[in-house]
Amino acid sequence: MGNLLGKALGGASTQSGLKPRLPVQHFRSHPRDCPDLPCDVVFDIEEWQAAWIVAHRSPPPDAPPPLGQMVRLIAGFGGFLGRKHDGHPGPKAIWEGMQKVRAFAIALEAGRAAYFNDG
């Protein structure tokens with residue numbers, strides 16, 4: 001529960017262990033206002049690492065990537081193309097991308113539990 005989002009929401013969690021989300025509008029404004037913030041301010045470590053693994057097919061970096069980069073990566077899962085003159089991702093692309101990222105995080109957690117269980 002080390003991120004600000006968890007503290008802001010009182011530490012509530014869902015069945016999957018992931019924290020509830022802020023409205024999608026916050027994912028649109030924060031990356032524009034503070035693109036260099038580390039993404040773990042908004043995303044759980046499981047979420048940004050799962051998104052990184054799926055997008056890059058490589059282990060995630062030790063330090064969280066910038067928020068602006070991560071939101072564009074997640075919006076790409078929702079159909080955002082990120083071409084030169086596309087501008088910022090919209091709410092629909094971010095929403096659809098977040099749905100997929102949550103599924104990736106749950107799958108990654110289940111895979112770790114199944115294959116790296118101490119018992």
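The values are calculated or read from the model by the stated rules, or taken from the named source; none is laboratory data. The shown structure was predicted, so the numbers you read here are calculated from the model rather than taken from an experiment. Quick reminder, even Gly has a Cβ in these numbers, built from the backbone with ideal geometry, and neighbours come from all protein chains shown. The protein model used for the area step is the full one, side chains on, heavy atoms only, and it has no ligands, DNA or RNA in it. Shrake-Rupley method; radii C 1.70, N 1.55, O 1.52, S 1.80 Å.
List of remarks:
- Test for Ala114: is it of a type in the set (A, V, I, L, M) and exposed (fewer than 12 other Cβ atoms within 10 Å of the Cβ): yes
- Scan the range 74-98 for residues that are in contact with a Gly (Cβ under 8 Å, 6 or more places away or on another chain) and on the phi < 0 side of the Ramachandran plot and the total you get is 14.
- Flag for Arg102 being surrounded by fewer than 20 Cβ atoms within 10 Å (Cβ to Cβ) and within 10 Å of the chain's Cα centre (by Cα): yes
- Cβ-Cβ contacts under 9 Å between residues 6 or more apart (or on different chains), taken from a first residue in the range 51-66 that is without any contact (Cβ under 8 Å) to a residue 40 or more places away in the chain to a second residue that is outside any helix (DSSP H, G or I) and among the charged types (D, E, K, R), are listed as Pro66/Asp36.
- Qualifying residue in the range 67-83 (condition: open to solvent by less than 70 Å² (accessible area, probe 1.4 Å), in a helix (DSSP H, G or I) and at pLDDT below 60): no
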